1. Name the residue, out of 7, 77, 51, 17, that is touching a helix residue (DSSP H, G or I) at 6+ places or on another chain (Cβ under 6 Å) and either at positive phi or buried (at least 18 other Cβ atoms within 10 Å of the Cβ) (or both).
2. Which one of 359, 308, 329, 274 is within 19 Å of residue 252 (Cβ to Cβ) and outside any helix (DSSP H, G or I)?
3. Can you give me the number of residues within the stretch 337-346 that are over 15 Å from residue 184 (Cα atoms) and at pLDDT below 95?
4. Please find, among 320, 299, the residue that is free of Cβ contacts under 8 Å to residues at least 12 places away in the same chain and surrounded by fewer than 20 Cβ atoms within 10 Å (Cβ to Cβ).
5. Quick check: anything in the stretch 195-204 touching a helix residue (DSSP H, G or I) at 6+ places or on another chain (Cβ under 9 Å) and modelled with pLDDT of 85 or more?
6. Filter the stretch 94-124 for residues that are surrounded by fewer than 16 Cβ atoms within 10 Å (Cβ to Cβ) and in a strand (DSSP E or B) and give the result.
């Protein structure tokens, strides 16, 4: 027995399909008469299969289908599109929206049940879980050390192995660069979250996420700098907690100021990646940062990022000064300049490049359950 969601504004057809699927198919059926409500039901409790009509008021079946494909919880659910139009262009539109099958009305109940059972039989077993990073906070209290580059490429490394299960968050209130490094326009972004009359929920949060072609989700920072912090500490914690529920890995690029919102993320992060370079000023700031994070030292991972060309940094000497080993040493990569200009992170565009390999080493050290 499968759980099947049926979305159609025709009440008589809804009841006919319900009787068919429950009586002859022995399935459990969830009904909805409108697209928005049906989408909310799908996201709140994902079914095993969905049957969706195209022409509905408010939100069309195509839009419902696209939104389901964008959500990690419903991305792989089999979908049958029903439509009164039977032209080849209509079938193509259904498939482009993400449907697995397409049926033109009027449909015979026998054919519909056959299609349903066929798709359920073909549904692959749930893919084994990919690597999980939990919430990874990326921090440097000294600007210009490449913390955003590390955050973006860390998220990109995870998404290569687990598409649609990774989100990267840019909490910079001063025109952050995560979206820029991914070649995305930062609209929508988190700036409007603080203006909501009620607390956001996981379904509503989807409206504020960008989707990169790699299927990496992005909560971008606003292009125009925000006065003060932009998000309250309570709302920051709430947003990160909701994203944790929806994604296996959430990489948070933190601003270089230890405000209350930053501390709220650090307190609840599974890993804290402190990024530093080999110059004297950065090392001094890192020593001070480690003092502040002393209570969470077991979760802190140091990443040495070489942002300028030259010889190899004195890793052993730096580790003695910092009194902590580096989880990863990320070498200078001359291709990074072009990657920034093109909005194509090296972890995606050139996974064997020196920078991508260095970040891959870091992700191994922050993966939950890794030795």
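The values are calculated or read from the model by the stated rules, or taken from the named source; none is laboratory data. Fair warning: this is a prediction, and the values are worked out from it, not measured in the lab. In this analysis, Cβ positions are derived from the backbone assuming ideal geometry, glycine residues included, and neighbour counts consider all displayed protein chains.
1. 7
2. After ruling out the rest, the residue left standing is 274.
3. The number of residues fulfilling the criteria is 2.
4. Checking each option against the conditions leaves just 320.
5. no
6. Correct list: 104 only.
Every residue, every condition in (1) part of a helix (DSSP H, G or I); (2) touching a residue at least 12 places away in the same chain (Cβ under 8 Å); (3) within 17 Å of the chain's Cα centre (by Cα), yes or no:
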residue	(1), (2), (3)
198	no, no, no
207	yes, yes, yes
218	no, yes, yes
222	no, yes, no
255	no, yes, no
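Residue-wise test of (1) in contact (Cβ under 8 Å) with a residue 12 or more places away in the chain; (2) outside any loop (DSSP other than H, G, I, E, B); (3) surrounded by fewer than 20 Cβ atoms within 10 Å (Cβ to Cβ).
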residue	(1), (2), (3)
55	yes, no, yes
65	yes, yes, no
69	yes, yes, yes
73	yes, no, yes
81	yes, yes, no
85	yes, no, yes
